[in-house]
Amino acid sequence: TIACDDIPADGLFPITLYVTDAAGNFDFCSTFISVQDPNGACGVPTSLITGTIENENQEVVEEVTVTLTDNAGMNLPVVTGTNGVYEFNMTTGEYDVTPVKDINYLNGVTTYDLVLISKHILGTQLLDSPYKVIAADANNTQSVTTLDIVKLRALILHIDVELTNNTSWRFIDANHVFGTNVYDFPEFISLDGSSAPANFTAVKVGDVNGTATPNNLLGSDSRTFDGNLALSLEATQVAAGETFTVDFKANEFKNIAGYQFTLGFDNSVEFVDVTSNLEGLSTQNFGLTKLNEGVITTSWNSNKGVTVANGDVLFSMTFVANAAVNTQELLSINSRYTESEAYDGSDLYNVVLEFN
């Protein structure tokens, strides 16, 4: 029983919960009850603190932890559901509202974002909103540079699982008016007893083309490909113990601005090295952290469409065979880690292997 006189100033009433089984074993934990008085039964004025969290496209964002704090050190968290709304029913006073979401860094992040960020850096096609500029600042240095591309590519390649100096989402007071410095924005809202909603605009870091999934009601975007980008290989029989090189050759590689995919290989071979002939492609464009799973990830982009003559080698990989194997049975392209896709402007292609 909790009476009005028992309620602390922050509304958090401490309790201890005990659990005992049939054999007499027991354990306990300490937690608290958030006591709310919406009808003013205790004679203390209350107010409803609420707000909605949406992205730039007015899509609501779920799984955002919104924390209410006051000068006495109270920290009361709630999590938004699929409607993107949070609510606190508190005694009237001064509070700060701060949203945080720091999960699923790859949500909405692909090599096509790197294409757009590269064009922004070069000034050939600027990102058209301050929210997109904030999303492009992956390393949180209040500038957009090639280092942001490096950090995002490490996520795409599954070399990194998070951004060291940033969170996966940023939240901006929805009423904020941007000035000349787009990075000067409030990430919390201070309330002084007003019942006006405290709304936020959510920014998915790394996603500059707005493909992140903000809530489960929308589901994942089903990708519709406009065709295939084929990489041509020779089907070759390899003997056990042989060191061999596989050349990945261009086949209708026309005006391609970027690609990414997961390359799977059989455990009957061991990876040795990769070399490249494609402009802008180096060992930094390959992820080798999953070699023990028979996986190599890759991501490449250019600030302009690149055309390569049919039969020219894009890159080569060297392996050692532990057993006799045919390269056609050895290698495959999939989306196990890095999604398989390529871009030539507005068109999206699936990347496939074609054996000769």
### Query
Mind checking whether some residue in the stretch 72-79 is buried (at least 20 other Cβ atoms within 10 Å of the Cβ), within 29 Å of the chain's Cα centre (by Cα) and part of a strand (DSSP E or B)?
no
### Task
Hey, can you tell me all the residues within the stretch 98-155 that are acidic (Asp, Glu), under 15 Å from residue 299 (Cβ atoms) and in contact (Cβ under 8 Å) with a residue 60 or more places away in the chain?
113
## Note on the structure
In the stretch 273-306, residues that are surrounded by fewer than 18 Cβ atoms within 10 Å (Cβ to Cβ), more than 21 Å from the chain's Cα centre (by Cα), at negative phi and outside any strand (DSSP E or B) total 7
### Message
Give me the residue from the stretch 338-356 that is assigned to a loop (DSSP other than H, G, I, E, B) and open to solvent by 60 Å² or more (accessible area, probe 1.4 Å) and, out of that set, nearest to residue 269 (Cα to Cα).
### Response
356
## Note on the structure
Filtering the stretch 14-29 down to residues that are under 30 Å from residue 90 (Cβ atoms) and either in contact with a Lys or Arg (Cβ under 6 Å, 6 or more places away or on another chain) or open to solvent by 50 Å² or more (accessible area, probe 1.4 Å) (or both) yields 14, 16, 17, 18, 28, 29
### Message
Here's a check for you: in the stretch 313-337, which residue that is exposed (fewer than 15 other Cβ atoms within 10 Å of the Cβ) and in a loop (DSSP other than H, G, I, E, B) is nearest to the chain's Cα centre (by Cα)?
### Response
335
### Query
Is it the case that some residue within the stretch 35-56 is modelled with pLDDT of 95 or more and open to solvent by 50 Å² or more (accessible area, probe 1.4 Å)?
yes
### Residue check for residue 216: open to solvent by 50 Å² or more (accessible area, probe 1.4 Å) and more than 19 Å from the chain's Cα centre (by Cα)
no
### Query
Give me the pairs: first residue in the stretch 295-307 and within 9 Å of residue 258 (Cβ to Cβ), second residue among the small types (Gly, Ala, Ser), beta-carbon distance under 7 Å, and six or more apart or on different chains, which are they?
300/258; 300/280; 301/118; 301/257; 301/258; 302/257; 302/258; 302/280
### Message
Based on this model, can you work out whether residue 237 counts as surrounded by fewer than 19 Cβ atoms within 10 Å (Cβ to Cβ), touching a residue at least 60 places away in the same chain (Cβ under 8 Å) and closer than 30 Å to residue 124 by Cβ?
### Response
no
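Do we have residue 250 as part of a strand (DSSP E or B), farther than 26 Å from residue 109 by Cβ, in contact (Cβ under 8 Å) with a residue 40 or more places away in the chain and in contact with a Leu (Cβ under 7 Å, 6 or more places away or on another chain) here? Break it down stepwise before answering.
Values: part of a strand (DSSP E or B): yes; farther than 26 Å from residue 109 by Cβ: yes; in contact (Cβ under 8 Å) with a residue 40 or more places away in the chain: yes; in contact with a Leu (Cβ under 7 Å, 6 or more places away or on another chain): yes.
For residue 250, the condition - part of a strand (DSSP E or B), farther than 26 Å from residue 109 by Cβ, in contact (Cβ under 8 Å) with a residue 40 or more places away in the chain and in contact with a Leu (Cβ under 7 Å, 6 or more places away or on another chain) - is met.
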### Query
Hey, residue 2 hits all of (1) farther than 25 Å from residue 173 by Cβ; (2) not in a loop (DSSP other than H, G, I, E, B) but one; which does it fall short on?
(2)
### Task
Please enumerate the residues belonging to the stretch 85-97 that are touching a residue at least 60 places away in the same chain (Cβ under 8 Å), in a strand (DSSP E or B) and surrounded by fewer than 18 Cβ atoms within 10 Å (Cβ to Cβ).
96
### Message
Being touching an Asp or Glu at 6+ places or on another chain (Cβ under 8 Å) and of a type outside the set (Ser, Thr, Tyr) is true for just one of 117, 53, 121. Which residue is that?
### Response
117
### Query
Does any residue of the stretch 167-190 turn out to be touching a Gly at 6+ places or on another chain (Cβ under 7 Å) and on the phi < 0 side of the Ramachandran plot?
no
### Query
Out of the stretch 253-294, which residues are of a type in the set (S, T, N, Q) and touching a residue at least 24 places away in the same chain (Cβ under 8 Å)?
255, 260, 262, 267, 268, 275, 276, 277, 284, 285, 289
### Task
Could you please let me know if residue 196 is closer than 29 Å to residue 52 by Cα, modelled with pLDDT of 95 or more, assigned to a loop (DSSP other than H, G, I, E, B) and among the aliphatic types (A, V, I, L, M)?
no
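The values are calculated or read from the model by the stated rules, or taken from the named source; none is laboratory data. Predicted model, so just to flag it, every value in this text is computed and none were measured. Cβ atoms come from the backbone with ideal geometry, glycine included; neighbour counts cover every protein chain shown. Heavy atoms of the whole protein, side chains included, go into the accessibility calculation; ligands, DNA and RNA do not. Shrake-Rupley method; radii C 1.70, N 1.55, O 1.52, S 1.80 Å.
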